[in-house]
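Undergrad: Structure provided below as structure tokens; questions to follow.
The values are calculated or read from the model by the stated rules, or taken from the named source; none is laboratory data. Model, not experiment: these values are computed from the prediction. For neighbour counting, all protein chains shown are included, and Cβ atoms are generated from backbone atoms with ideal geometry for every residue, glycine included. When the accessible area is computed, the model is the full protein with side chains, heavy atoms only, and any ligands, DNA or RNA have been set aside. Shrake-Rupley method; radii C 1.70, N 1.55, O 1.52, S 1.80 Å.
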Amino acid sequence: KEYIQGVDQLTFKKDYLIICSSLKDMAAMDELLFNNVECVAPDSENTLINENVITVWGSKYKRILVLFDNDQAGIAAMERYNKMYGLPTVHLQIEKDLSDAIKAHGVDHIREVITPLLKQACTK
């Protein structure tokens, strides 16, 4: 059975939902202290979340964004979500993934780098 990590914690009271690549990256996103974001993660980047689920979430959030790993599989999966559902993607080109980027460069630096990427994705 496909399980979406973080789905049980969704409040639907934030403006944005970010589909991350893993539970580890969800925790990393929490470290960035964005107060208007909730996160989920499928079991795998190769697991496409059901269209009905995306539709329901789309009615509850201003925007759904996809932030997967900075590798071939992650980039391909982000492109798939964009093509299938029209979801904007956030390509963080520092390190392999968000949690590695925070570990290598610190929370403050990554917040500075990712904030404009998130804003840009929200205007697509």
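Undergrad: Considering segment 8-25 alone, what residues qualify as being of a type in the set (Ser, Thr, Tyr) and at pLDDT 95 or above? Walk me through how you get there before you give the answer.
TA: Kept after step one, since they are of a type in the set (Ser, Thr, Tyr), are these residues of segment 8-25: 11, 16, 21-22.
Answer for segment 8-25, where residues must be of a type in the set (Ser, Thr, Tyr) and at pLDDT 95 or above: Thr11, Tyr16.
Undergrad: What's the number of the condition Ile94 fails, among (1) over 19 Å from Tyr16 (Cβ atoms); (2) under 11 Å from the mean Cα position of the chain (by Cα)?
TA: (2)
Undergrad: Sticking with this one: Return the total of residues in segment 78-100 being aliphatic (A, V, I, L, M) and touching a residue at least 40 places away in the same chain (Cβ under 8 Å). Explain how you work it out, then say what you get.
TA: Pass one, segment 78-100, residues aliphatic (A, V, I, L, M): 78, 84, 87, 90, 92, 94, 98.
Among the residues that remain, those that are also touching a residue at least 40 places away in the same chain (Cβ under 8 Å) are: 87, 90, 98.
The qualifying residues number 3.
Undergrad: Scan segment 9-24 and give yes if some residue there is of a type outside the set (Asp, Glu), surrounded by fewer than 16 Cβ atoms within 10 Å (Cβ to Cβ), within 21 Å of Leu117 (Cβ to Cβ) and in contact (Cβ under 8 Å) with a residue 12 or more places away in the chain, otherwise no.
TA: Here is the first cut: in segment 9-24, the residues of a type outside the set (Asp, Glu) are 9-14, 16-24.
The next check asks that each one be surrounded by fewer than 16 Cβ atoms within 10 Å (Cβ to Cβ); those that pass are 9, 11-13, 23-24.
From what's left, within 21 Å of Leu117 (Cβ to Cβ): 24.
Restricting the remaining residues to those that are in contact (Cβ under 8 Å) with a residue 12 or more places away in the chain gives 24.
Yes, segment 9-24 contains at least one residue that is of a type outside the set (Asp, Glu), surrounded by fewer than 16 Cβ atoms within 10 Å (Cβ to Cβ), within 21 Å of Leu117 (Cβ to Cβ) and in contact (Cβ under 8 Å) with a residue 12 or more places away in the chain.
Undergrad: Counting only residues that are more than 15 Å from Met26 (Cα to Cα) and of a type in the set (Asp, Glu), which one in segment 92-124 is most open to solvent (accessible area, probe 1.4 Å)?
TA: Glu112
Undergrad: Can you name the residue in segment 32-49 that is touching a residue at least 24 places away in the same chain (Cβ under 8 Å) and loosely packed, with under 15 Cβ neighbours inside 10 Å and is also nearest to Asp69 (Cα to Cα) among such residues?
TA: The selected residue is Asn46.
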